[in-house]
Amino acid sequence: MMENNWYIELAWIVAKILAVIVPLLIAVAYLTLAERRVIGFMQLRKGPNVVGPFGLFQPFADALKLMAKETILPAGADKTVFMIAPMLTFVLALVAWAVIPFDAGLVLADINVGVLYLFAISSLGVYGVIMAGWASNSKYAFLGALRSAAQMVSYEVSMGLVIINVLVCVGSLNLSAIVEAQRDMWFALPLFPMFAVFFISTLAETNRAPFDLPEGESELVAGYFVEYSSMSFALFFLGEYANMILMSAITTLLFLGGWLSPFDFAPFNLIPGPIWFILKICLLLFVFLWVRATTPRYRYDQLMRLGWKVFLPFSLIYVVLTAGYLVATDSLPG
């Protein structure tokens, strides 16, 4: 009897994990299509529109093409590390979703240190990039990996200070508690400068334009994954887009009220919380694509200057101002 209960519990856990991962993978596939379509319209062209109605089967055609290709291993590469790197990048993009709440109580693991868990997982993402760049035995890939490591570490510092602003206002590391604290007002309003800094930092953290220096085509061909092909290349691709969705979800939870409705009257408050959560993520993802279509790439010195000389001191000063205001008005939580 005890063994049957154990099997049932394990099956239930696996079902919950699949309920998150499968829609996420479908969302990643269609985000690639949405990016090509949105950027196409912004550049006055159509984008993919042949495979299936309105091009809706294009992501599946791309997946089949990549799966059918041969995996090429460079002669001088460390083959073990070379193959582990894309897997690590992809897995880390998925495991972070364990603590993301889609609605009140609708979360895989409602732990009290959810923010710390997310920060730890996002910090580990740099390892996949460094491993790929080093194991490829290519100067282009290695330069791209070094750029990416420096960039991700630089912007994680300012992201951490931005998150401290939110934590000071809430008094909890639990993501559900952070959302519930925004019932009266989303943190994007009183902490708008920090919201802007955090969103720009997520662009740098995910290596997206205008901070796509690690994969700068004009000087590094394709950056740290230049030697990759077939499904190993696809895993990097999937990991990048899964990270975009993850960062949009984190931004939504910290600043845009998570699953909370923007208006507390019908028909807005009749829409389920997960729908609001998904709509807010889609809005942020559209801004990701909009920025890519309209902004030129930064020079590397400009990228570093922005992170260390602008965002870092600005977010640090804002932490002091936020804490000072809460102490002065006796509004500190707890």
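The values are calculated or read from the model by the stated rules, or taken from the named source; none is laboratory data. All figures in this text were calculated on a predicted structure; none of them were measured in a lab. Reconstructed Cβ throughout: ideal geometry from the backbone, glycine too, with neighbour counts over all protein chains shown. Remember, those area values only see protein heavy atoms, side chains included, never the ligands or the DNA or RNA. Shrake-Rupley method; radii C 1.70, N 1.55, O 1.52, S 1.80 Å.
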Exercise. Residue check, Ala77 against (1) assigned to a loop (DSSP other than H, G, I, E, B); (2) of a type in the set (Gly, Ala, Ser); (3) surrounded by fewer than 18 Cβ atoms within 10 Å (Cβ to Cβ), all met but one. Which one?
Worked result: (3)
For this session: List the number of the failed condition for Glu35; all other conditions in (1) of a type in the set (Asp, Glu); (2) loosely packed, with under 14 Cβ neighbours inside 10 Å; (3) touching a Lys or Arg at 6+ places or on another chain (Cβ under 9 Å) hold.
Result: (2)
Exercise. Does region 23-67 hold any residues that are in a helix (DSSP H, G or I), more than 19 Å from Val291 (Cβ to Cβ), without any contact (Cβ under 8 Å) to a residue 40 or more places away in the chain and small (Gly, Ala, Ser), and which are they?
Worked result: Ala29, Gly55, Ala61
For this session: Please name all residue pairs, on different chains or six or more residues apart, with Cβ atoms under 8 Å, provided the first residue is in region 268-293 and is surrounded by fewer than 17 Cβ atoms within 10 Å (Cβ to Cβ) and of a type in the set (Gly, Ala, Ser) and the second residue is outside any helix (DSSP H, G or I) and modelled with pLDDT of 95 or more.
Result: none
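Taking region 161-180, which residues are open to solvent by 50 Å² or more (accessible area, probe 1.4 Å) and under 25 Å from Asp103 (Cβ atoms)?
If we filter region 161-180 for residues that are open to solvent by 50 Å² or more (accessible area, probe 1.4 Å), which is where we start, we get 164, 171, 173, 180.
Passing the criteria: Gly171, Leu173, Glu180.
Quick test for you: out of Ser136, Ser154, Ser148, Ser158, pick the one residue that is open to solvent by less than 10 Å² (accessible area, probe 1.4 Å) and either of a type in the set (Asp, Glu) or farther than 19 Å from Met247 by Cβ (or both). Give the steps one after another, and end with the answer.
On the way: Ser154 fails: either of a type in the set (Asp, Glu) or farther than 19 Å from Met247 by Cβ (or both); Ser148 fails: either of a type in the set (Asp, Glu) or farther than 19 Å from Met247 by Cβ (or both); Ser158 fails: either of a type in the set (Asp, Glu) or farther than 19 Å from Met247 by Cβ (or both).
Result of the check over Ser136, Ser154, Ser148, Ser158: Ser136.
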For this session: For Val129, indicate whether it is open to solvent by less than 50 Å² (accessible area, probe 1.4 Å), touching a residue at least 24 places away in the same chain (Cβ under 8 Å) and under 19 Å from Met87 (Cβ atoms).
Result: yes
Seminar exercise, completed: For Leu44, the lone unmet condition from (1) touching a Ser or Thr at 6+ places or on another chain (Cβ under 8 Å); (2) surrounded by fewer than 16 Cβ atoms within 10 Å (Cβ to Cβ); (3) aliphatic (A, V, I, L, M) is (1)
Exercise. Out of curiosity, is Ala120 over 26 Å from Val81 (Cβ atoms), without any contact (Cβ under 8 Å) to a residue 24 or more places away in the chain and in a helix (DSSP H, G or I)?
Worked result: no
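With respect to Ala61, determine if the residue is open to solvent by less than 40 Å² (accessible area, probe 1.4 Å), over 27 Å from Pro274 (Cα atoms) and of a type outside the set (Ser, Thr, Tyr).
Yes; evaluated as a whole, the condition is true for this residue.
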For this session: Return yes when Glu215 is within 19 Å of the chain's Cα centre (by Cα), open to solvent by 20 Å² or more (accessible area, probe 1.4 Å) and modelled with pLDDT under 90 and no when it is not.
Result: yes
Problem set entry | helices (runs of 4 or more DSSP H) contained in region 173-283 and holding at least 1 residues within 29 Å of Gly105 (Cβ to Cβ) | 175-180, 192-205, 230-255
